[in-house]
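The structure under discussion appears below in the form of structure tokens.
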Amino acid sequence: MKRYLLRVGILASVLAFAFVFQPAALAQDGGEDIPSVEEIVERANRVAYYQGKDGRADVQMRIVDSQGRERSRRFTILRRDKAPPEQRAEEAGADRYTGDQKFYVYFKGPADVRNTVFMVWKHVDEDTDDDRWLYLPALDLVKRIAASDKRSSFVGSHFFYEDVSGRNPELDEHELADVTENYFILNNTPKKPGQVEFSRYRMWIHRDTYLPVQTEYYDDQGEAYRRYTVENVSRLQDYLTVMRSRMEDLRSGGHTIIEYSDVEYDVGIPEDIFTERYLRNPPMNYIE
């Protein structure tokens with residue numbers, strides 16, 4: 001893992017020379033300036049999920065089980081950020097706002113999932129559950145996904161529904177466990193452990209870019225059972241962008257790989273696309 005993380009770290013360092021950050025609140029640690037854990041979490045969340053005001057990407061998903069058998073999924077994902085309240089925008093800067101978001105996922109193939117649509121209204125208020133819908137074309141049925149199902153398999157893959165839009169950082173307590181030459185290493189503990197299957201998760205966040213490059217989830221016995229890893233990164237429209245990632249089931253040995261292509265930011269996607277009306281009538285001009 002160290003060799004792989006170093007490889008990603010070198011790549012991210014090369015990309016970071018043109019990546020501009022806002023000033024951070026810094027704390028002293030052994031004579032070295034280290035951002036507060038709150039600043040690290042906020043920046044990492046922004047880099048991972050808030051590049052541009054909206055965006056689209058084509059996605060190829062490859063699901064591999066423990067016997068090496070493969071299945072695939074092809075889909076387009078659309079994202080739109082809610083415009084920040086005027087006062088907060090003035091205080092933090094519009095580019096620093098990490099508020100509510102909306103996601104629309106349209107499946108193009110294979111045949112058994114074609115025309116299926118998954119939609120999320122992500123809420124950053126920790127007391128408000130995200131809204132999730134799934135449109136099943138074979139039944140012409142719109143299904144609401146319960147909050148309790150957010151950590152279940154996303155269309156049969158090793159990713160969970162919650163992984164698509166990202167876990168709200170407000171749901172966890174964060175601790176800076178270690179600082180290495182290339183990474184901030186964070187331990188994250190759920191505030192409501194009865195609502196999730198993990199006892200904690202650990203994140204490796206690149207120090208120059210604040211990109212989370214690996215996340216491991218641990219059970220009640222302290223064993224890692226699930227791992228997310230970034231495998232390829234590019235700069236697109238001046239935004240650091242994950243182009244390939246992997247989610248592994250460390251118990252079964254299966255994994256899912258996601259590859260992104262035709263990624264665009266600041267497309268101008270209308271908000272009304274993210275409504276139940278468009279679950280049955282996909283906005284093909286933003287998908288094809």
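The values are calculated or read from the model by the stated rules, or taken from the named source; none is laboratory data. In this text the structure is predicted, and so the values were computed from the model without any measurement. Cβ coordinates were reconstructed from backbone atoms using ideal geometry, including for glycine residues, and neighbour counts include every protein chain displayed.
I'm checking my understanding of the structure. Among residues of segment 136-180 that are in contact with a helix residue (DSSP H, G or I) (Cβ under 6 Å, 6 or more places away or on another chain) and of a type outside the set (Phe, Trp, Tyr), which one is farthest from MET61 (Cα to Cα)?
This residue is LEU176.
Between residues in segment 271-288 that are surrounded by 13 or more Cβ atoms within 10 Å (Cβ to Cβ) and residues that are modelled with pLDDT of 95 or more and among the charged types (D, E, K, R), which pairs lie under 7 Å by C-beta distance while being six or more apart or on different chains?
PHE274/ARG80; PHE274/LYS102; TYR286/ARG56
Within segment 120-169, can you find the residues that are aromatic (Phe, Trp, Tyr), part of a loop (DSSP other than H, G, I, E, B) and touching a residue at least 40 places away in the same chain (Cβ under 8 Å)? Quick ask: steps written out before the conclusion?
As a first pass, look at segment 120-169 and keep what is aromatic (Phe, Trp, Tyr): 121, 133, 135, 154, 159-161.
Within this subset, residues satisfying the condition of being part of a loop (DSSP other than H, G, I, E, B) are 154, 159.
Hit for segment 120-169 is PHE159, nothing else.
Name the single residue that is surrounded by the fewest Cβ atoms within 10 Å (Cβ to Cβ) among those in segment 200-221 being over 15 Å from the mean Cα position of the chain (by Cα) and of a type in the set (S, T, N, Q).
This residue is GLN221.
Is it the case that some residue within segment 248-270 is under 23 Å from TYR210 (Cα atoms), surrounded by 18 or more Cβ atoms within 10 Å (Cβ to Cβ) and charged (D, E, K, R)?
Checking segment 248-270: at least one residue is under 23 Å from TYR210 (Cα atoms), surrounded by 18 or more Cβ atoms within 10 Å (Cβ to Cβ) and charged (D, E, K, R).
Taking segment 139-189 on its own, how many of its residues are surrounded by fewer than 18 Cβ atoms within 10 Å (Cβ to Cβ), farther than 25 Å from THR256 by Cα and either hydrophobic (A, V, I, L, M, F, W, C) or at pLDDT below 90 (or both)?
Adding up the residues that qualify gives 6.
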